[in-house]
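Read through the structure below, which is laid out as C-alpha cells, and then see the notes.
The values are calculated or read from the model by the stated rules, or taken from the named source; none is laboratory data. Predicted model only: the values in this text are computed from it and were never measured. Quick reminder, even Gly has a Cβ in these numbers, built from the backbone with ideal geometry, and neighbours come from all protein chains shown. To get the accessible areas, we keep the full protein, side chains included, count just its heavy atoms, and leave off ligands, DNA and RNA. Shrake-Rupley method; radii C 1.70, N 1.55, O 1.52, S 1.80 Å.
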Amino acid sequence: MKQNVSTSAGTPGIKAPRGKAGTLLRDIIRDKWLYLMLLPGVIYFIIFKYVPMYGVSMAFMDYKPYTGFLGSPWVGLKHFERFFSEPQFGMLFRNTVILAVYNLVFFFPMPIILSLMLNEVRRAKFKNFVQTLIYIPHFVSWVVVVGIFYILLTTENGVLNELLYRITGEKIAFLLEAEWFRTMIITQSIWKEIGWGTVIFLAALAGVDLQQYEAARIDGASRWRQLWHITLPAIRSTIIILFILRLGNFLDSGFEHIFLMITPTNREVGEVFDTYVYTKGMTQAQYSYSAAVGLFKSAVGLVLVLGSNWLAKKFGEEGVY
C-alpha cells in the first residue's frame, strides 16, 4: 500500500518544499494578500529608484545626448578628478557642510522639543489647534516662503525693517548681506518644517505607557524627572533612526530654497553642491560632470548612514537595519 506524504499543514499527497526557499514560498502563499498590497510600493521603487540608477554610469563617460549611453566614450574618473581639482571645490564643500551642520544642530532638535511641549498640553482642543497651525507652512512652496520673508525683511518698506528703523534709525539688508544668509536659511527651514517634523515624534509619544507616569507621580517624580526618565527614553530609538536617515541627506541643502535666496552679494557663502549641479548640468549642459558631483554627494551620504548605523548598533541601539 502506498503511503501519502504529508506537508506541515497536513495536506496529503503533496511533498513539502525544504530549505529556506520552501519556507519563503510557504510564507508567501500563506500571506499572499499582504504581499499583494506590498506590490505597488515595490513596483514604485523598482521603476523610480532602481532603474534610474543605470544613469549613474553617466558620471564615468563623456555623455552625448545624440549618441546615448552606448555610444558615449568611457572616461573613468576624469570628471571626479576635475571636480576635486576645481578652485570652487573648497568653497562649495565648506558652504554645504556648514549648512548641513547648522541643520543638524539647530533644525533637527526643534521638532523634538516642540513635540515634548505639545505632549504636556492637556487641553485637547487647544493642542489640535496648535498642531494644525504649525502643520500649514509645510504645504506652502519655497517660492511663497521666500516671498513672505522678502516682504518682511526687504530694506524697501519691509515690515520688520521699518520697525527696526523707527527704533534704531538704521536698516539691515538681511536678504543681501552674506553674514545673514545662513541664519535666514535655517530660520526659514525651521518655520516651514518644524510642525511637520513633529508628526513622527508625537506618534512615538502616543505609545508611551501612561502607567509609567502614574507610578512616577506616586514616587514623587516631578514633571522634569518624568520627562528625563520616561518620555525621552521612550522616543530615543525614534530619534536615533531619524538622525541616521538625516545623515543620508547630509549634503542635500535643498536646491529650490537655496536657489531662491542666492544673490550676487551672498553667493560666496550661498553656493552649494545642489546649485552647482544645476548650473553645470542644466545651464551649461555638462551632464556627465554634474552626474559625477551628484554621485559624490550620494557616496558621502551612504558612508555616513553606514557608519552611524554601525555606531548605533555598537552602543546597543536598534539602528535602521
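Kindly state, to the nearest 0.05, the FRET efficiency for Y44 paired with L302, given R0 = 30 Å and r defined as their beta-carbon distance. Don't skip to the end; give the middle numbers.
Numbers: r = 21 Å, r/R0 = 0.70.
The pair Y44/L302 has a calculated efficiency of 0.90.
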M282 versus L36: modelled label distance in nm, points set 7 Å from Cα along the beta carbon direction: 4.2
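Taking the Cα centre of the chain as origin, sum charge times position over the Cβ atoms of Lys and Arg (+1) and Asp and Glu (-1), and report the length of that vector in debye to the nearest 20.
Numbers: 30 positive and 22 negative charges, 301 e Å.
Approximately 1440 debye in magnitude.
Starting from the Cα-Cα distance between I218 and R123, subtract it from 0.36 nm times their residue separation and give me the gain in nm to one decimal. Intermediate values should be presented prior to the final figure.
Values: separation 95, 0.36 × 95 = 34.20 nm, distance 2.29 nm.
Gain on stretching I218 to R123: 31.9 nm.
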Contour excess over end-to-end distance, with Cα ends at T67 and I172 and 0.36 nm allotted per residue: 32.6 nm
Local net charge near A173, Cβ-Cβ under 12 Å (Lys/Arg +1, Asp/Glu -1): -3
Probe 1.4 Å, accessible area per residue of the chain, Å²: 65
Local electrostatic count, E120, Cβ distance below 12 Å [Lys/Arg +1, Asp/Glu -1]: +4
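How much length, in nm to one decimal, is gained on full extension between V97 and I136, taken as 0.36 nm per residue of separation minus their Cα-Cα distance?
On the way: separation 39, 0.36 × 39 = 14.04 nm, distance 2.90 nm.
The span from V97 to I136 would gain 11.1 nm if fully extended.
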Amide H contacts under 5 Å for M61, placed H, 5+ residues apart: V75
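I'd like to compare 223-229, 158-164: which one has the highest average count of other Cβ atoms within 10 Å, and what's the full order after that? Don't jump to the answer; show the numbers that get you there.
Working: 223-229: 12.7, 158-164: 15.7.
Taking the mean over residues of other Cβ atoms within 10 Å, the ranking is 158-164, 223-229.
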Over 26 Å between alpha carbons, listed pairs K49/K297; K127/K171; K171/K280; K64/K297: K127/K171; K171/K280
Order by protection proxy (mean Cβ within 10 Å, highest first), peptides 257-266, 50-59: 257-266, 50-59
Label-point separation, Y165 to T183 (7 Å along Cα→Cβ), nm: 2.0
Cα-based Rg and Dmax for the chain, where Dmax is the largest Cα-Cα distance (Å): 26.7, 107
DSSP H segments from the chain that extend 27 Å or more along their own axis, Cα-based, with Kyte-Doolittle mean of 0.0 or above: 181-206, 287-314
Segment 226-295 and segment 114-170: distance between their alpha carbon centers, rounded to Å: 23
Carbon + sulfur, % of accessible area of the chain - ligands and nucleic acids excluded, 1.4 Å: 67
